[in-house]
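Participant: Input: one structure, supplied below.
The values are calculated or read from the model by the stated rules, or taken from the named source; none is laboratory data. Quantities reported herein were computed from a predicted structural model and do not represent experimental measurements. Note that each Cβ is placed from the backbone with ideal geometry, even for glycine, and that neighbours are counted across all protein chains shown.
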Amino acid sequence: MELKYTLKLYIDNKRIPTKPYILNTLGNICAGFFEELKEIPEQRKIVIFFNEVNKLDTIATISSEDINIELKKFVQILMKKTIFGFISSLNDIPSTFPDSEVKIEYEKH
């Protein structure tokens, strides 16, 4: 299977290994959100970061090189629930999830 994305998943700064099918599926979920964000130029590395809700008012941040994308609160919640729903079904997820910090590094091929 040819991968469509380079994608790395981190939970609490620990890399979570995933199979190609999972990478492509999670990549497609992320791509769906990114297509609506006109601020992100194509073919750039994009980082999504989800922090603990109690730490900051911001739930999700998206950045690409020197660009930080501001998202409305309902969009942050929608992204977190969608992506965390997918991640929660994976094996080897720490017991601290979903109260963990999650980072996804995404780059389309």
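Rundown of residues vs (1) modelled with pLDDT of 85 or more; (2) under 16 Å from Glu107 (Cα atoms); (3) out of contact with any strand residue (DSSP E or B) (no Cβ under 9 Å at 6 or more places or on another chain), yes/no style:
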position	(1), (2), (3)
Tyr10	yes, yes, no
Ile16	yes, no, no
Asn24	no, yes, no
Ile40	no, yes, no
Ile46	yes, yes, no
Asn54	no, no, yes
Ile77	yes, no, no
Lys80	yes, no, no
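Participant: How many residues does the stretch 5-19 hold that are exposed (fewer than 13 other Cβ atoms within 10 Å of the Cβ) and either free of Cβ contacts under 8 Å to residues at least 40 places away in the same chain or of a type in the set (Ser, Thr, Tyr) (or both)?
Facilitator: The qualifying residues number 2.
Participant: Would you confirm whether any residue within the stretch 9-18 is hydroxyl-bearing (Ser, Thr, Tyr), over 14 Å from Met79 (Cβ atoms) and over 12 Å from the mean Cα position of the chain (by Cα)? Talk me through it step by step, then tell me what you get.
Facilitator: Within the stretch 9-18, the subset hydroxyl-bearing (Ser, Thr, Tyr) is 10, 18.
Within this subset, residues satisfying the condition of being over 14 Å from Met79 (Cβ atoms) are 10, 18.
Okay, now just the ones that are also over 12 Å from the mean Cα position of the chain (by Cα), so 18.
Within the stretch 9-18 (the criterion being hydroxyl-bearing (Ser, Thr, Tyr), over 14 Å from Met79 (Cβ atoms) and over 12 Å from the mean Cα position of the chain (by Cα)), the answer is yes, since at least one residue qualifies.
Participant: I'd like the residue in the stretch 55-106 that is of a type in the set (A, V, I, L, M) and assigned to a helix (DSSP H, G or I) and, out of all such residues, is surrounded by the most Cβ atoms within 10 Å (Cβ to Cβ). If you could, list the steps in order and put the result at the bottom.
Facilitator: Here is the first cut: in the stretch 55-106, the ones of a type in the set (A, V, I, L, M) are 56, 59-60, 62, 67, 69, 71, 75, 77-79, 83, 87, 90, 93, 102, 104.
From the residues that got through so far, the ones that are assigned to a helix (DSSP H, G or I) too are 75, 77-79, 83, 87.
Numbers: Val75: 17, Ile77: 14, Leu78: 15, Met79: 20, Ile83: 20, Ile87: 22.
In this case the residue turns out to be Ile87.
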